[in-house]
Amino acid sequence: MKLTRLRLLGFKSFVEPTDFLIEPGLTGVVGPNGCGKSNLVEALRWVMGESSHKSMRASSMDDVIFSGNTSRPARNNAEVGISIDNSERGAPAAFNDADMLEIARRIERESGSSYRINGREVRARDVQILFADASTGARSPALVHQGRIGEIIQAKPEQRRRVLEEAAGISGLHARRHEAELRLKAAETNLTRVEDVIGQLTSQMEALKKQARQAVRYRTVSAQVRKAEATLYHLRWTAANLEVGEAERAVNKLGALGVQIYTNVAGKPLDRPEYLPFWKKINELGVPVWLHPARGAETADYPAAESKSLYEIWWTIGWSYETACAMLRLVYSKIMDNHPNLKIITHHFGGIVPMLEGRLGPGNDVMGNRTTDQDYVSLRKGLKKRPLDYFKNDFWTDTAVFTAEAATKCGMEFFPIDKIVFASDCPFDPEGGTMYPRETLRILEKLGMDQATADKVFWKNLETVTGRKIVK
C-alpha cells in the first residue's frame, strides 16, 4: 500500500481545505519555523488513530481544531483524510476489494472522533490494525519527529523490539494477538458471570415456582370472591327493591305520612348505587323523608388509636356530623338534582349545618382547590346551583335541639321559615317526656314570632310537606 494524498480541513493551522499530493520518489516540505511542517506529520499520526492529545502537542484532543485568529473565526470541526493506493491488494481482507482506500478521521468539539474507510464508518481499532498490518501506524518508528532519533538510540529493549517487529512486518499480528487476548479474557469473564447468573436463576426459579402456585391459588380465590360479590350485589339489589316496595306499601296502603331513613345504612352512605331505586320511588311518591342521624359507639373518634368512641362523643357530636355529612353526599352525588321532588326533613336543625354557612358557602364555592387527586372542580361546576343554595332552600328541618336556645336561633336564621317544622325529641328527656316539648315551645315563643310565622312552624309547614290536613 502506498500513500498518495493527504487532505486537511480545519486541522490546527490548516483552516482551509488543503491537499498534499505524495508522488513516487521523495516528497519534501520546506519552510521556516512555524509554517506548519510538524502539523503535517501530526495530521498523519492523527488520522492513523493517535489517541493521545499530548502527542499532538495539545491540552485536549479538541485543540487540534482550528481555534481562530484575528481575521478568522474558530471552527467547530476538523477532518484529515489520506488516500492509499491498494492496487497490489496489500490491505486487510475486510478492505482489500478496492484499488484505492480513502481513510478519514473527523472530530467535532465536545463530541469526539469518528473514522471512515471508503465512506463506511469503522472503529478506531480497525484503522489502527489496518496500518499495523502495513508495518506503520500512529506511533510507528517510520514517523520521525524532532528528537525521535535520540529516543530510538536510548530506547529500552522492549521499545527496540517494537521497531524490529514493525520492520519485520509482524506488528499487525501482535496487535491482533493483543485484541484476541482481550476478547478471550472478556469471554472468560462472561463465562464466570454466566455461572453466577445460572446460580441466581436457579434460586429465582424456586421463588417463581412458589409464586406460580400462589398465582393459581389467587386465581381460584378471585373467582370465588367475584362469585360472592355477585351474590352480595344481587342480595343488595333484592333488599333495595324490598325496601322500595315496603315504603310504597306504607304510604299507599297504610296511610303513612312519609318514611324515615337513617343517615347511613350499616355504615354505608345513602348515595351508593343500591339505594338509588329508593330515592327514585320517594321522588315519585312525593312524600317526605325524615333523615335521622345514626352513629354508634363502635365508630371510633380516632380509628388509628382506638376501637370505639369514648365519652359518648358518638352521640354528642357524632350525630350532628352524620346529618351534615349525609346532606353533603346527597348534594354532590346529584341525588338532589336528579330527584327534584324530594322533601327531606333533617333532624336537629340540620345538625352542624347552620354553623357551617361560611364553609358551605364561600368555602365550597372553591371546592377542588384543596384537592389534587380528584376533579372536584368539574363536579362543583356540574351542579345545577350553588352548593349553599341546596342546604338553605331544598332541605327541610325540625326544631329538636334539646332545648338549646342559641342553636334554635341559629337554625331559624339559616333555614327559610317555610322549611321548618316543629319537633322536640319527646320523650327522650330527663323528665321522661315533658321537658323537651315545654322548653322548645318556650324558646320559640321567646323569639317573638308573629302569628302567621308561628302557625307555619307549629303546623302549617307540616301540612305542606306531608300534603295532609292536620289542624281542623
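Which percent of the accessible heavy-atom area of region 334-472 goes to carbon and sulfur, probe 1.4 angstrom?
Solvent-exposed carbon and sulfur of region 334-472 make up 53 percent of the total.
Write out the GluC sites (Glu not before Pro) in region 304-409 meeting two conditions: DSSP loop, and at most 10 other Cβ atoms within 10 Å of their Cβ.
GLU306, GLU312
If you count the DSSP beta bridges with both ends in the chain, what percent of them are antiparallel, to the nearest 5?
The antiparallel proportion sits near 75 percent.
Based on the alpha carbons, how large is the Rg to Rh ratio for region 422-472 when Rh follows Kirkwood?
Result for region 422-472 is an Rg/Rh of 1.03.
5 Å is the cut-off here: which amide hydrogens, built 1.01 Å from N in the peptide plane, fall below it relative to GLN260, excluding neighbours closer than 5 in sequence?
Those qualifying (amide H under 5 Å, at least 5 residues apart or on another chain) are TRP290.
Can you give me the long-range amide H partners of VAL421? Hydrogens built in the peptide plane at 1.01 Å from N, cutoff under 5 Å, separation of 5 or more residues or another chain.
The list, which skips near neighbours in sequence, is THR397, ASP398, THR399.
Suppose all protein chains stay in the model; what accessible area per residue would a 1.4 Å probe give for the chain, in Å²?
Value returned for the chain: 60 Å² of accessible area per residue.
Treating each Cα of the chain as an identical point scatterer and ignoring solvent, apply the Debye formula and state log10 I(q)/I(0) at q = 0.08, 0.13 Å⁻¹.
Calculated log10 I(q)/I(0) at the listed q: -0.65, -1.22.
Using θ = phi - 60° and the Karplus relation 6.51 cos²θ - 1.76 cosθ + 1.60, list the HN-Hα couplings for region 317-330 in order, rounded to whole Hz, with x at every Gly or Pro.
10, x, 5, 5, 5, 4, 4, 4, 4, 5, 5, 4, 5, 5
Taking the Cα-to-Cβ direction at LYS472 and at LEU191 and moving 7 Å from each Cα, how far apart do the two end points lie in nm?
Rounded to a tenth, the inter-label distance reads 11.1 nm.
Sort region 258-302 into rounded, prolate or oblate with this rule: let a ≥ b ≥ c be the square roots of the eigenvalues of the Cα gyration tensor; rounded if a/c is under 1.5, and if a/c is not under 1.5, prolate when a/b is larger than b/c, oblate otherwise.
Because a/c hits 1.5 or more and a/b fails to exceed b/c, region 258-302 counts as oblate.
For the chain, what is the relative contact order in percent, using Cα pairs closer than 8 Å and at least 6 residues apart in sequence?
8 percent
Select from region 49-136 those GluC sites (Glu not before Pro) which occupy a DSSP coil region and have at most 11 other Cβ atoms within 10 Å, ordered by residue number.
The qualifying sites are GLU88, GLU110.
When Rg is the radius of gyration of the Cα atoms in region 225-335 and Rh is its Kirkwood radius, what does Rg/Rh come to?
In region 225-335, Rg relative to Rh is 1.03.
R0 = 41 Å: FRET efficiency of GLU298 with GLN200, Cβ-based, nearest 0.05?
0.20
Restricting things to alpha carbons, tell me how big region 75-135 is in terms of Rg and Dmax, in Å.
12.4, 39
State the volume of the convex hull built on the alpha-carbon positions of region 348-444, expressed per residue in Å³ and rounded to an integer.
Per residue, the Cα convex hull of region 348-444 comes to 108 Å³.
Within region 305-393, list the chymotrypsin sites (Phe, Trp or Tyr not before Pro) lying in a DSSP loop whose Cβ has at most 12 other Cβ atoms in a 10 Å radius.
TYR311
Step through the residues of region 456-468 one at a time and calculate ³J(HN,Hα) from phi using the Karplus curve (6.51 cos²θ - 1.76 cosθ + 1.60, θ = phi - 60°), rounding each to whole Hz and writing x for Gly and Pro.
4, 5, 7, 7, 5, 5, 5, 5, 5, 6, 8, x, 10
The values are calculated or read from the model by the stated rules, or taken from the named source; none is laboratory data. All of these numbers come straight from a predicted model, not from anything done at the bench. Every residue, glycine among them, receives a Cβ derived from its backbone with ideal geometry; neighbour counts consider all protein chains shown. Ligands, DNA and RNA are excluded from the accessible area calculation, which covers all protein heavy atoms including side chains. Shrake-Rupley method; radii C 1.70, N 1.55, O 1.52, S 1.80 Å.
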